[in-house]
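The values are calculated or read from the model by the stated rules, or taken from the named source; none is laboratory data. Computed from a prediction, not measured in an experiment: that's the story for all the values here. For neighbour counting, all protein chains shown are included, and Cβ atoms are generated from backbone atoms with ideal geometry for every residue, glycine included.
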Amino acid sequence: MAEELVEDRVRKLEEAFDKLVVLPSQMAGLDHRVQGLEGRVGQVESQILQLRSEMRDGFVAASRKLESELRNTREGLLAVIESSSKATREGLLEVIESSSKATREGLLEVIESSSKATQALCDEGRKETRDLVARAKEDIVNTLGTQMRVLHEDLVDRITLLGSR
């Protein structure tokens, strides 16, 4: 019985030794595969950095474009308001100077209501400008979001492809 145990143990040791003999060649194969994966990971990291840079540049460009459009809209509105206000004021002053006190009082009422109407028009213009800017921002964000999703899906597909190799 002791001989059977010894023979069984020797047989198990021989099997374990046979398995250990092929271990260095398997480790060399794994080392080669790990080095290949390191190269692929480096490429993916480079692509991610490039994507980040491109997205940052896109956001900066969109922000500058929006800022420029806002500035132009504001300047245009201010010019219209100023010219209409100045022309109205000059015309009314001429009429006031040449009219009687009663007419003057009536014109003052007209000026006041005209001023209120002009102010209401300005307020409406500001509101429309804010709405336009909000929509423009939303369009830009949606467009950039779509582009980001497409780039992200492409990146995920590439990573999956690299992982399956």
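With Phe59, Phe17 as the choices, which residue is under 30 Å from Asn142 (Cα atoms) and among the hydrophobic types (A, V, I, L, M, F, W, C)?
Criteria check complete, one pass: Phe59.
Only residues that are over 11 Å from Leu162 (Cβ atoms) and of a type in the set (Val, Ile, Thr): list them for the range 37-61, please.
Matches in the range 37-61: Ile48, Val60.
Which members of the range 141-154 meet the condition of being over 10 Å from the mean Cα position of the chain (by Cα) and either surrounded by 14 or more Cβ atoms within 10 Å (Cβ to Cβ) or not β-branched (Val, Ile, Thr) (or both)?
Within the range 141-154, Arg149, Leu151, His152, Glu153, Asp154 qualify.
Given the condition exposed (fewer than 13 other Cβ atoms within 10 Å of the Cβ), modelled with pLDDT of 85 or more and within 16 Å of the chain's Cα centre (by Cα), answer yes or no: does some residue in the range 155-165 qualify?
So far as the range 155-165 goes, no, none of its residues is exposed (fewer than 13 other Cβ atoms within 10 Å of the Cβ), modelled with pLDDT of 85 or more and within 16 Å of the chain's Cα centre (by Cα).
Yes or no, residue by residue, for (1) within 60 Å of the chain's Cα centre (by Cα); (2) exposed (fewer than 10 other Cβ atoms within 10 Å of the Cβ); (3) at pLDDT 80 or above; (4) in a helix (DSSP H, G or I):
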position: Leu5; (1), (2), (3), (4): no, yes, yes, yes
position: Lys12; (1), (2), (3), (4): no, no, yes, yes
position: Leu37; (1), (2), (3), (4): yes, no, no, yes
position: Gly42; (1), (2), (3), (4): yes, no, yes, yes
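Going by what's in this entry, would Ser63 be described as among the hydroxyl-bearing types (Ser, Thr, Tyr), surrounded by 12 or more Cβ atoms within 10 Å (Cβ to Cβ) and over 20 Å from Lys127 (Cα atoms)?
yes
So is Ala28 under 24 Å from Gly145 (Cα atoms) and among the small types (Gly, Ala, Ser) or not?
It is false that Ala28 is under 24 Å from Gly145 (Cα atoms) and among the small types (Gly, Ala, Ser).
Would you please name the residue that is farthest from Leu121 (Cα to Cα), looking only at residues in the range 66-84 that are of a type in the set (A, V, I, L, M) and surrounded by fewer than 14 Cβ atoms within 10 Å (Cβ to Cβ)?
So the residue we want is Ala79.
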